[in-house]
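Values quoted throughout were computed directly from the atomic coordinates according to the rules given, and no laboratory measurement underlies them. Computed from a predicted structure; not experimentally measured. When we count neighbours, we look across all protein chains shown, and the Cβ atoms used for this are built from the backbone with ideal geometry, even at glycine.
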Ligand SMILES: Nc1ncnc2c1ncn2[C@@H]1O[C@H](COP(=O)(O)OP(=O)(O)O)[C@@H](O)[C@H]1O
Ligand SMILES: [Mg+2]
């Protein structure tokens, strides 16, 4: 089992009290799985992804990632897990505008203490694999949305993560670029990477191995919809 | 580290105007400190050079009443103090580290020296045969005092360059007559200090006298002194030590010996004391240092304000770059990495300010020295300390913003936009 969530709740302070966004989530993902999580806007998808991606810790419940207890881990321990085992793809790419594509892709290697020449070599190779060999020295504002997202995927995959975690990766893209991205995900999954994809688009979810639905902070079975 | 540095310089370059404005406080603070320190060093080195002089290592020992030099211009020769004899002079010259000993009488601000219409009020010295060597004078032309001059109390005199200018303008003075206190003296030679054109300054008051009078000295044989003034005036003793470090010691021993042998009676208020030039130099330096150290405090306030400016701009930077910090943390940057990144940026900012400050401080010091004619000495040490200090300011004032950045929550940071 790559990750196991049990009875996870997440609430945020709101006014004088708390608002509970995620309610008693049970979720497990096996290695090599391709899972889509679907739900309407505001249902808690991003909040769940932040928990899965170890960007945040749950309010209650237990979460094990690769057998490691996440609920009680320190900030630096979480940073190390994110760096070595999780690749993120965001809806709005999240590339650093002052850096070239190459430097953006190489960034996670810097935090893994890889030396400079190797960082650049590996980043270049990753970009070439994404079909961006000619764009390594471009900055994000010189690239199209689809190209930016492919740079982001190259960055997500640079440390050979166990889990590729994508939050509405095609949300800002036209259909053609979106389809290209979905092809890439399928390829990466076929090569062994576990993929968890968050979306509200049924066409995107249909490409995944299987789909879980989230509604109002609860995971529900499809037939409950 | 290298990444941090290059990113820091890049950021600095991308926001040139903002960076310079932020650095301004640091630049002004460091520049003022460098200017002040250079000026202090310049003046005190000049003072020291003037006082301790051309390396003659001269120490004068003169008669004191209580804590003040006994002034023979206004006071009679004191009771119970003998004139110094040749025997005593030789005894002094046998002291350790003493190279030569000379006895002389002197009047500063001496009125009543004329050559024709030209008056003169520099110093008048009544010297013995050893004086010119001991005080470090060399004959420029003419001749020095002969044994006969001393023995027969001949009315002859030597002039230094300033006295020649004052009394004869540009004219050749040899053989001419100088009227000293209504007595005619024949000029037999002109002398010049050997290594440096500095007068024989032996006290703080002499120092100021020199700078207000422009100097000038007339020498006469010591044996003629009673013709001009009185019998029984106790001489001042000028000694040279073999090394600058021994000046203080030579002075003290000579003063002890003279006090023991010369003072035979009186009311006990008289003593011989050495005027320690090194100590005098220190005193004058201390004076300029203490006035200037207040200026340094003021400059430090500017550094403090500069530091706060840096802190302020770094806090703004952290807020502006929340998304960047959040992303870096999401990608696995540990807290320390973010902390170091922002500390490096702050330190680079203030260090650049420090470099600019040192450069403008040096330029300013040069300018002041050119305009005011005062000497400056830029010290490498002060520049390095200033640079190190400016870096420390960056680290200290960058700390709060950097801690704030390193504690940012990645999801808070990513949520924006
Ligand atoms: N830090 C927070 N504090 C308070 N409310 C939050 C916070 N983060 C998310 N929410 C709320 O939780 C709900 C779910 O948000 P989110 O997980 O972003 O939904 P989705 O990604 O499915 O659109 C929203 O109503 C949002 O306003
Ligand atoms: Mg969302």
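Rg (Å, one decimal) plus Dmax (Å, integer) for the alpha carbons of region A:108-213?
Gyration radius and largest Cα-Cα distance of region A:108-213: 14.3, 44 Å.
Could you sort the peptides A:137-147, B:127-137 by per-residue average Cβ neighbour count (10 Å cutoff), highest mean leading? It would help to have the intermediate numbers written out before the result.
Working: A:137-147: 15.1, B:127-137: 21.0.
Those peptides, ordered most packed to least, come out B:127-137, A:137-147.
Going by Cα centres, region B:104-152 and region B:370-392 are how many Å apart?
So the separation of the two Cα centres works out to 44 Å.
Evaluate Rg over Rh across chain B, taking Cα atoms for both radii and Kirkwood's formula for Rh. Walk me through the numbers before you get to the answer.
Values: Rg = 32.7 Å, Rh = 26.1 Å.
Rounded to two decimals, Rg over Rh is 1.25.
Give the angle, between 0 and 90 degrees and rounded to the nearest 10, that separates the Cα long axis of helix B:16-52 from the longest principal axis of the Cα atoms of chain B.
Between helix and principal axis, roughly 20 degrees.
Between Rg and the Kirkwood Rh of region A:70-151, both from Cα atoms, what is the Rg to Rh ratio?
On the way: Rg = 13.7 Å, Rh = 13.6 Å.
Dividing the radius of gyration by the Kirkwood radius yields 1.01.
Under the definition of Cα pairs under 8 Å and six or more residues apart, what whole-number percent is the relative contact order of chain B? Present the calculation step by step, with values, prior to reporting the outcome.
On the way: 747 pairs, mean separation 126.3, N = 417.
Computed over chain B, the figure is 30 percent.
Over chain B, with a Gaussian network built from C-alpha contacts below 10 Å, which listed residue (B:96, B:171, B:160) shows the highest mean-square fluctuation?
B:171
Once you treat every alpha carbon in chain A as an equal point and sum by Debye, what is log10 I(q)/I(0) at q = 0.08 Å⁻¹?
The computed values of log10 I(q)/I(0) come out as -0.29.
Determine the principal axes of the Cα atoms in the protein assembly as shown, then give the extent along each, sorted from largest to smallest and rounded to whole angstroms.
138, 50, 42
Please compute the average number of Cβ atoms from other chains found within 10 Å of each residue's Cβ in peptide A:83-91.
The shielding value for this peptide is 2.
Sticking with the crude label model, points 7 Å out along Cα→Cβ, report the distance from residue A:41 to residue B:117 in nm, one decimal please.
That separation, rounded to one decimal, is 10.7 nm.
Taking only Cα atoms, what is the 0 to 90° angle, nearest 10, from helix B:2-14's long axis to the longest principal axis of chain B?
90
Give me Rg over Rh for region B:58-241, both radii from the alpha carbons and Rh done the Kirkwood way, two decimal places. Mind showing how you got there, number by number?
Numbers: Rg = 15.7 Å, Rh = 16.8 Å.
Value, to two decimals: 0.94.
In nm, to one decimal, how far is the modelled label at residue A:9 from the one at residue B:409, with both set 7 Å along Cα→Cβ?
Calculated label separation equals 1.8 nm.
For region A:60-77 and region A:1-49, what is the separation of their Cα centres, given in Å?
Using only Cα atoms, the two centres lie 14 Å from each other.
Identify which of B:371, B:395, B:191 has the largest mean-square fluctuation in a Gaussian network model of chain B, with springs joining Cα atoms closer than 10 Å.
Answer for the Gaussian network model of chain B: B:371.
Relative to a virtual label point 7 Å from the Cα of residue A:98 in the Cα→beta-carbon direction, which members of region A:113-141 show backbone nitrogen distances below 18 Å?
In region A:113-141, the label zone of residue A:98 (backbone N under 18 Å from the point 7 Å along Cα→Cβ) covers A:138-141.
For chain B, modelled as a GNM with alpha-carbon contacts under 10 angstrom, which of B:357, B:42, B:265 fluctuates the most?
Maximum fluctuation in the GNM of chain B, among the listed residues, is at B:265.
Listing B:74, B:109, B:225 from the residue with the fewest other Cβ atoms within 10 Å to the one with the most, what is the order? Let's see the in-between values first.
Values: B:74 6, B:109 12, B:225 22.
So the ranking, lowest neighbour count to highest, is B:74, B:109, B:225.
Over region B:50-158, what lengths in whole Å, largest first, do the semi-axes of the equivalent ellipsoid take, defined as the square roots of 5 times the eigenvalues of the alpha-carbon gyration tensor? Walk me through the intermediate numbers first.
On the way: eigenvalues 111, 86, 55 Å².
Working from the Cα gyration tensor, I get semi-axes of 24, 21, 17 Å.
In degrees between 0 and 90, to the nearest 10, how far off the longest principal axis of chain B does helix B:277-320 point, with axes built from Cα atoms?
Here the helix axis deviates by roughly 10 degrees.
Simple spin-label model, 7 Å along Cα-to-Cβ: residue B:94 to residue B:21 in nm?
8.1
Post the alpha-carbon centroid distance, region A:111-132 to region A:179-225, in whole angstrom.
About 28 Å separates the Cα centre of region A:111-132 from the one of region A:179-225.
Note down the relative contact order for chain A as a percent, whole number, built from C-alpha pairs under 8 angstrom at least six residues apart. Walk me through the numbers on the way to the answer.
Working: 426 pairs, mean separation 66.0, N = 225.
Across chain A, relative contact order equals 29 percent.
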